[in-house]
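**Student:** Handing you a structure now.
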Amino acid sequence: MVSIWGDLQAAEREQHLSFLREPDLGFAWTVHAWARGTALDKLVGPELTAGDFVRAVKQLMDLLGQIAVADSGGELARTARAAIESLRRGVVAYSPVS
C-alpha cells in the first residue's frame, strides 16, 4: 500500500498536484493485533476509544463481507470470510454497533 502511494505521489508531482496523504497504517496494526488475539485494553486509549474501535472493526467486517460477496466463492472470498471470523470476537461479537 505504501509502495502504491509512493507511485501515486510521484505521478502527482509530475502533474503539479498534491492531494493524497501518506497511508496511516496505525489502525491496520491495531486491527491486526485484535485479529491475532490481543486484549482490547491493550489496543485502546486516549486516541482510540473502545467504542470507536468497535465501530471501525464492524465497518471493516462489513467491507470484508462485501468483498466476499463480490468474489462469489473464490479465494479472495474465503480469505475475507476468514478475516471476518478472526475479528468477530469479544466485545466486537457482542456489540450491536453497526
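**Student:** Report the residue count in the range 64-79 for those that are modelled with pLDDT under 95 and either touching a Cys at 6+ places or on another chain (Cβ under 7 Å) or not small (Gly, Ala, Ser) (or both).
**Tutor:** Looking only at that region, the number is 1.
**Student:** Still on this structure: Tell me yes or no: at least one residue of the range 47-54 is aromatic (Phe, Trp, Tyr) and open to solvent by less than 40 Å² (accessible area, probe 1.4 Å).
**Tutor:** There is at least one residue in the range 47-54 that is aromatic (Phe, Trp, Tyr) and open to solvent by less than 40 Å² (accessible area, probe 1.4 Å).
**Student:** Right, next: Pairs please, first residue from the range 1-26 and small (Gly, Ala, Ser), second anywhere and at pLDDT 90 or above and surrounded by 10 or more Cβ atoms within 10 Å (Cβ to Cβ), Cβ atoms under 9 Å, 6+ apart in sequence or on different chains.
**Tutor:** Close Cβ pairs (under 9 Å, with a partner that is at pLDDT 90 or above and surrounded by 10 or more Cβ atoms within 10 Å (Cβ to Cβ)) amount to ALA11/LEU17; SER18/GLN9; SER18/GLU12; GLY26/LEU48.
Each row is one residue, and each column tells you yes or no for (1) part of a helix (DSSP H, G or I); (2) out of contact with any Ser or Thr (no Cβ under 8 Å at 6 or more places or on another chain); (3) under 15 Å from VAL92 (Cα atoms).
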position: THR30; (1), (2), (3): yes, yes, yes
position: THR38; (1), (2), (3): no, yes, yes
position: ASP52; (1), (2), (3): yes, yes, yes
position: ILE67; (1), (2), (3): yes, yes, no
position: ALA70; (1), (2), (3): yes, yes, no
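**Student:** Given the conditions (1) among the polar types (S, T, N, Q); (2) open to solvent by 60 Å² or more (accessible area, probe 1.4 Å); (3) not in a loop (DSSP other than H, G, I, E, B), and given that SER86 satisfies all but one, which numbered condition is not satisfied?
**Tutor:** (2)
**Student:** Answer yes or no as to whether ASP24 is open to solvent by 70 Å² or more (accessible area, probe 1.4 Å) and either part of a helix (DSSP H, G or I) or in contact with a Phe, Trp or Tyr (Cβ under 8 Å, 6 or more places away or on another chain) (or both).
**Tutor:** no
The values are calculated or read from the model by the stated rules, or taken from the named source; none is laboratory data. The model shown is predicted, which means the values in this text are computed figures rather than measured ones. Using ideal geometry, Cβ is built from the backbone for each residue, glycine included, and neighbour counts are taken over all protein chains shown. When the accessible area is computed, the model is the full protein with side chains, heavy atoms only, and any ligands, DNA or RNA have been set aside. Shrake-Rupley method; radii C 1.70, N 1.55, O 1.52, S 1.80 Å.
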